[in-house]
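Reviewing the structure listed below.
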Amino acid sequence: MACSKDPESFIPHVSGYWEIYEVTLADGSKREYTYNDTVDYLSVTDSLTGFRKKMKPSFDGTYTTSEDAESLTLKIESDSLHIYYTTPYATWKETVLNATEDELLIVNQQNVRYLYKRFIPITVEK
């Protein structure tokens, strides 16, 4: 599927806290997520490198996480923005189909699409 959007314009929107909203499998079946106890935090530097890690938000506005993180590199190739991930155990690539202030749409090499919504924390006053 060709995208007419400029992949360069996606880069500023990739960083941040993202909550999985919907997954579309290669066969077209969909699964919606109405509640997530973890969010993905993506951090991208000016050199287009960074990391992704799972974060568990708390009602007081803080986050807990493990030390595990996936290193990442953003690259524009063939008019597409790709994210290359590296862990001690594996390397893989995903393609950013769309990235805005509020949504992030990524497809992996198995043609599974992940739609994320920008995470907005819920803070409960004490």
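Quick notes on this one:
- Condition met for Glu8 (of a type in the set (Asp, Glu) and outside any strand (DSSP E or B)): yes
- Every condition in (1) in contact (Cβ under 8 Å) with a residue 24 or more places away in the chain; (2) farther than 22 Å from Leu115 by Cβ; (3) small (Gly, Ala, Ser) holds for Ala26 except the one numbered (2).
- Within region 12-62, tally of residues that are in a strand (DSSP E or B) and of a type outside the set (A, V, I, L, M, F, W, C): 19
- Every pair of residues 6+ apart whose Cβ atoms lie under 8 Å, when the first sits in region 103-122 and is aliphatic (A, V, I, L, M) while the second is part of a loop (DSSP other than H, G, I, E, B) and surrounded by fewer than 16 Cβ atoms within 10 Å (Cβ to Cβ): Val112/Leu25; Val112/Ala26; Ile122/Phe59
- Residues of region 44-80 that turn out to be under 12 Å from the mean Cα position of the chain (by Cα) and exposed (fewer than 15 other Cβ atoms within 10 Å of the Cβ), as a count: 0
- Flag if Lys93 is over 22 Å from Leu25 (Cβ atoms), at pLDDT 95 or above and either assigned to a strand (DSSP E or B) or touching a Pro at 6+ places or on another chain (Cβ under 8 Å) (or both): no
- Region 1-43 - residue that is small (Gly, Ala, Ser) and at pLDDT 95 or above and, of those, surrounded by the most Cβ atoms within 10 Å (Cβ to Cβ): Gly16
- Trp18 within 19 Å of Lys117 (Cα to Cα) and of a type in the set (Phe, Trp, Tyr): yes
- Qualifying positions in region 97-121 - assigned to a strand (DSSP E or B) and of a type in the set (A, V, I, L, M): Leu97, Ala99, Leu104, Leu105, Ile106, Val107, Leu115
- Candidates in region 81-111 are the residues that are surrounded by fewer than 14 Cβ atoms within 10 Å (Cβ to Cβ) and among the β-branched types (Val, Ile, Thr); of these, the one that is nearest to Asn36 (Cα to Cα) is Thr100.
The values are calculated or read from the model by the stated rules, or taken from the named source; none is laboratory data. Keep in mind the model is a prediction, meaning the values are calculated, not measured. Heads up, the Cβs are rebuilt from the backbone with ideal geometry, glycines too, and the neighbour counts pull from every protein chain shown.
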